[in-house]
Amino acid sequence: MAVTMADVARRAGTSIAVVSYVVNGGPRPVAARTRERVIAAAAELGYRHNRVAAALRSGSSGLVGVVLPDTVNPYFAALGQRLEEALTASGKLMVAANSGYDGQRQAAVIDALLGAQVDGLIVVSTPGADDPAGLAAESGVPLVHVHHRPPGSDTTLVAADNAAGVAAAVAHLRGHGHDRVDFLAGLTDEGPVGDRVAAWRATGVPGELLRSEYGRAAAARLVAGLEAVPRALVAATDEQAVGVLAGCGAVGVEVPGRLALISCDGTPESGFTVPPLTTVEQPLAEMARRAVRHLLGEPAPGTPPTATLAIRRSCGCPHPGFSGAEAMDTEIEAAPPVAERDAGPRGAEPDGRRR
């Protein structure tokens, strides 16, 4: 026979109503000690919360749909993990869906999640997809975009301060004595990468804009095919930066001896490349907390959270850390317009993904 709330209440020495408040996260608060007794009793008895029945009673499923472009991409995998942690701390269960960088697939999974009566949606919009805000509003479901939202959308977007992060990366390379800093972007300037390109241009430092498809293979091929590899480079994404390391290895270019490299994601694996990547770390945990808080009814977040420069070896600093890094706030002078070089698409990439 299935264990019931009544069984848990008897074991914990409390009422069924109190057990319900603990299991369903309200509507009334429960004292910490009582809550601990209820949780312990439920664990001892093997009680399993019936979310379907709870949803029928309360009108809330306790589920939040999270739509990511690519759950395998290290950046989005890390973001998904942080969102799950924030949702769990708020008593919600995350249901993750993969849009596969396909606008029609994104629309289909959002429709399915709304059909499952999720309490909210957190969406990293894929480039070219329609804005799902109207469909969510028709269903009475709150929606928050994280990292990227469709152009022209007025839905709340939770993202890091890309301008400050890129400026810090450029200033750091200048502090190493580089008077030119190139930038590796995607094939288009949509979304956060476009913001990073604009921030790089705004520094006024001379440099060349390189382009490749997103993904390690495309970036590796681009670098291996260059007549002259840059002396200093900021890559828009960690995946591209890993490709740059591979391309440099293929042509015998030492990093950081010949090329000083910084990337702009800060995924967990960036610290385990050879050499470890200096990165502009996106504040994923804070982004996730802000997105969940807003989804659950708090006012929209104000200024974006700050991305921090994680200093490792690829930029030319000793690893780990560098005592003078914080003092490298070099004044940046105006410079001529940057040049642009486009690698262009060269066929489908197994790991080539849009950001």
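Observations
- P127 within 19 Å of L79 (Cβ to Cβ) and surrounded by 19 or more Cβ atoms within 10 Å (Cβ to Cβ): no
- Per-region count, the range 151-175, residues within 19 Å of A185 (Cα to Cα) and assigned to a loop (DSSP other than H, G, I, E, B): 4
- Selection status of R313, assigned to a loop (DSSP other than H, G, I, E, B), over 14 Å from the mean Cα position of the chain (by Cα) and buried (at least 19 other Cβ atoms within 10 Å of the Cβ): yes
- The residue of the range 91-114 that is surrounded by the fewest Cβ atoms within 10 Å (Cβ to Cβ), among those that are of a type in the set (S, T, N, Q) and in a helix (DSSP H, G or I), is Q104.
- First in the range 221-241 and touching a residue at least 24 places away in the same chain (Cβ under 8 Å) and more than 12 Å from T279 (Cα to Cα), second anywhere and of a type in the set (A, V, I, L, M) and open to solvent by 10 Å² or more (accessible area, probe 1.4 Å), Cβ under 6 Å, 6 or more apart: L222/A343; A224/A250; A224/V251; V229/V253
- Checking I122 against (1) under 16 Å from the mean Cα position of the chain (by Cα); (2) at pLDDT below 90, the condition it does not meet: (2)
- If only residues of the range 179-192 that are open to solvent by 40 Å² or more (accessible area, probe 1.4 Å) and under 22 Å from E254 (Cα atoms) are counted, the one that is nearest to the chain's Cα centre (by Cα) is R180.
Every residue, every condition in (1) in contact with a Pro (Cβ under 6 Å, 6 or more places away or on another chain); (2) outside any loop (DSSP other than H, G, I, E, B); (3) not acidic (D, E), yes or no:
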residue	(1), (2), (3)
V3	no, no, yes
D7	no, yes, no
R11	no, yes, yes
V18	no, yes, yes
E44	no, yes, no
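- Residues of the range 63-79 that are under 9 Å from the mean Cα position of the chain (by Cα), buried (at least 23 other Cβ atoms within 10 Å of the Cβ) and either among the aliphatic types (A, V, I, L, M) or part of a strand (DSSP E or B) (or both): L79 alone.
- Test: residue in the range 193-203 that is over 13 Å from V234 (Cα atoms) and under 18 Å from the mean Cα position of the chain (by Cα): yes
- Matching option when the condition is within 30 Å of A133 (Cα to Cα), touching a strand residue (DSSP E or B) at 6+ places or on another chain (Cβ under 7 Å) and charged (D, E, K, R), among D161, D238, D189: D238
- Test result for L135, closer than 22 Å to H294 by Cβ, part of a helix (DSSP H, G or I) and open to solvent by less than 60 Å² (accessible area, probe 1.4 Å): no
- Considering the conditions (1) open to solvent by 10 Å² or more (accessible area, probe 1.4 Å); (2) more than 25 Å from the chain's Cα centre (by Cα); (3) within 19 Å of A168 (Cα to Cα), L259 is excluded by exactly one of them, (1).
- For V158: the one exception among (1) of a type outside the set (G, A, S); (2) over 22 Å from G65 (Cα atoms); (3) within 16 Å of the chain's Cα centre (by Cα): (2)
- Among (1) touching a Leu at 6+ places or on another chain (Cβ under 6 Å); (2) under 26 Å from P151 (Cα atoms) - the single one V234 does not satisfy: (1)
- Condition check for T88: hydroxyl-bearing (S, T, Y) and part of a helix (DSSP H, G or I): yes
- Of the residues examined, G321 is not one that is modelled with pLDDT under 95, open to solvent by 30 Å² or more (accessible area, probe 1.4 Å) and closer than 30 Å to A136 by Cβ.
- Residue check, G207 closer than 12 Å to A236 by Cα, out of contact with any helix residue (DSSP H, G or I) (no Cβ under 7 Å at 6 or more places or on another chain) and surrounded by 21 or more Cβ atoms within 10 Å (Cβ to Cβ): no
The values are calculated or read from the model by the stated rules, or taken from the named source; none is laboratory data. Since the structure is predicted, the reported quantities are computational estimates derived from the model, not experimental observations. We place every Cβ from the backbone using ideal geometry, glycine too, and count neighbours over all the protein chains shown. Areas reflect the complete protein model, heavy atoms only, side chains present, ligands, DNA and RNA absent. Shrake-Rupley method; radii C 1.70, N 1.55, O 1.52, S 1.80 Å.
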